[in-house]
1. Could you run through the stretch 221-233 and say how many residues are closer than 17 Å to residue 192 by Cβ and more than 18 Å from the chain's Cα centre (by Cα)?
2. Report, by residue number, each residue of the stretch 281-293 that is out of contact with any strand residue (DSSP E or B) (no Cβ under 8 Å at 6 or more places or on another chain) and either within 15 Å of residue 321 (Cβ to Cβ) or free of Cβ contacts under 8 Å to residues at least 60 places away in the same chain (or both).
3. Can residue 278 be described as without any contact (Cβ under 8 Å) to a residue 24 or more places away in the chain and in contact with a helix residue (DSSP H, G or I) (Cβ under 6 Å, 6 or more places away or on another chain)?
4. Got a sec? Which helices (runs of 4 or more DSSP H) wholly within the stretch 264-308 have at least 3 residues that are surrounded by 15 or more Cβ atoms within 10 Å (Cβ to Cβ) and over 38 Å from the mean Cα position of the chain (by Cα)?
5. Quick one: how many residues across the stretch 334-387 are surrounded by fewer than 22 Cβ atoms within 10 Å (Cβ to Cβ), within 11 Å of the ligand (Cβ to nearest atom) and not in a loop (DSSP other than H, G, I, E, B)?
6. Test residue 146 against the stated conditions and say whether it is outside any strand (DSSP E or B), without any contact (Cβ under 8 Å) to a residue 40 or more places away in the chain and surrounded by fewer than 21 Cβ atoms within 10 Å (Cβ to Cβ).
7. All but one of (1) touching a strand residue (DSSP E or B) at 6+ places or on another chain (Cβ under 7 Å); (2) at pLDDT below 95 hold for residue 127, so report the exception by its number.
8. Quick test of your reading of the structure: residue 105 fulfils all but one of (1) closer than 24 Å to residue 164 by Cα; (2) within 10 Å of the ligand (Cβ to nearest atom); (3) in contact (Cβ under 8 Å) with a residue 40 or more places away in the chain; (4) within 18 Å of the chain's Cα centre (by Cα). Name the failing condition by number.
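The values are calculated or read from the model by the stated rules, or taken from the named source; none is laboratory data. What you are looking at is a predicted structure, and each value in this text was computed from that prediction instead of being measured. Here the Cβ is made from the backbone with ideal geometry for all residues, glycine too, and neighbour counts use every protein chain on show.
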Ligand SMILES: Cc1cc2nc3c(=O)[nH]c(=O)nc-3n(C[C@H](O)[C@H](O)[C@H](O)COP(=O)(O)OP(=O)(O)OC[C@H]3O[C@@H](n4cnc5c(N)ncnc54)[C@H](O)[C@@H]3O)c2cc1C
C-alpha cells in the first residue's frame, strides 16, 4: 500500500514558479503536491499585464535582472528561454502579440496562461491543495510538513511562495522564514517596480500635474530608462519610473529628460532664428504636454520670448531641462510594488538546480529569491526558468 501522505516533491506556492516547477517535475514521473494558502492558484498571473499577462519578453538577457549575485540567473535563463515558453503558449493555441519593447501579451486574457499551467499540472497528476497553511516543517531523512490539511512527507521541498508585494493577493514573508529557519542568508527585501513619492513641499510644487504623462529618459546617474513618466497625486509613476525604482533607495533623486527624441538646444536656436517672438513655454509645448511645458517654464524661470535669450542662456536652459532633478521622499511600498527586490541570497543555492548547498532537498525558486527582473515580462520569465530548473532537479 503506497503511503498517501508521501510525495516526491512538495511545492509551497501555486504561483507562476510553483506551477512551472510542478508540471516539470511531474513530467519526470515525480509525485507532486502544491500547497497554497490562497483560495485560488496563480492570482498574480490573473491580474498581471492589465489582465492580459505580459508572460515573457523577446529580449531577455541576464542584464535585465537585479541581484547581488548578478551571474546567478545566467544558467536557468539559458536552459529555459523565452522561446521555450512561447513554444508552450503556441502548443496551447493561445494567441499573443508584441506590445512594445519585446513585451509579449495574450490577445485574450491572463486566465489563458493560468489555465494552460493548470492543465499541464493536472494532466500529469499534480495535486494542488488550496486554503492550506504550512504550520511546521522539519527535516530528517525526508521533510516532514505539518499543514492545516494534515501531515505530509517529501524528499524535495520547493519554496515558491513569492515576495512581499501586494499582501492582499496572498503575499507573505513565509519563504524568508523558512530560509532563516534553515540558516540561510536573506538580502533585505524592498519594494521594486513601484511608484515614487515626493515630500509635501515638492508635492505642492507639482500639485497641478497629476494625470500628465510624457515620454522621457529617467536616470539615477548609473542606469537610465526611456519610457513614459506619469505625475500622480503622490509623486511619479509610469513605466520609466517603475523601472528606475528598483535601483533606488528612499530619498534618492532622479534626473528626467522630457525631450528624449529632441535636441533641445538646436530646437531653441532654430526657434530664436525663425520665430523670435514665440515664447518659450509655447515652444516647449510642441514637445511635451502643455501643463508640463508651463510648469517647466515657471519652475526654471523661462517665461521669456525666444528672441530674448543668448547662446549662454540656451545652453543653461537646455542643461536644466534635460537633467531636471526630482528629489523623492520614498515609494508607495509593498502595497503598490509589482515585485520584491532582495530575498533569499542566491549564494546559498546551486544556480543549476536551485537546491540549497547546505540543506539537501530544499529548493527556492521565483520571486522569493534575490533576483528581480525589469518591467516587461522579465519576472514571469524568471519564474518559468527557475521553476523549470528546479523541476528538473527535484
Ligand atoms: C499587479 C501585478 C502585475 C504584474 N504583471 C506582471 C507582468 O505582466 N509580467 C511579469 O513578468 N510580471 C508581472 N508581475 C510580477 C509577477 O507577477 C511575479 O514576479 C511572479 O508572479 C512571481 O512568481 P512566483 O511564483 O515566484 O510568486 P507568486 O506568483 O507571487 O506566487 C506565490 C504563491 O505563493 C503563495 N503563498 C505565499 N505565502 C504562502 C504561504 N505562507 N503558504 C502557502 N502559500 C503561500 C501565494 O498565495 C502565491 O500563490 C506583476 C505583479 C503584480 C503585483
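1. Qualifying residue count, the stretch 221-233: 1.
2. Step one: of the stretch 281-293, the residues out of contact with any strand residue (DSSP E or B) (no Cβ under 8 Å at 6 or more places or on another chain) are 281-287, 290-291, 293.
The answer is 281, 282, 283, 284, 285, 286, 287, 290, 293.
3. Values: without any contact (Cβ under 8 Å) to a residue 24 or more places away in the chain: no; in contact with a helix residue (DSSP H, G or I) (Cβ under 6 Å, 6 or more places away or on another chain): yes.
Considered against the rule, which asks whether it is without any contact (Cβ under 8 Å) to a residue 24 or more places away in the chain and in contact with a helix residue (DSSP H, G or I) (Cβ under 6 Å, 6 or more places away or on another chain), residue 278 comes out as no.
4. Details: elements: 264-274, 280-284, 290-300.
Of the helices (runs of 4 or more DSSP H) lying wholly inside the stretch 264-308, those with at least 3 residues that are surrounded by 15 or more Cβ atoms within 10 Å (Cβ to Cβ) and over 38 Å from the mean Cα position of the chain (by Cα) span 264-274.
5. So the answer is 0.
6. Here the answer is no, as residue 146 does not meet what is asked.
7. (2)
8. The single condition residue 105 does not satisfy is (1).
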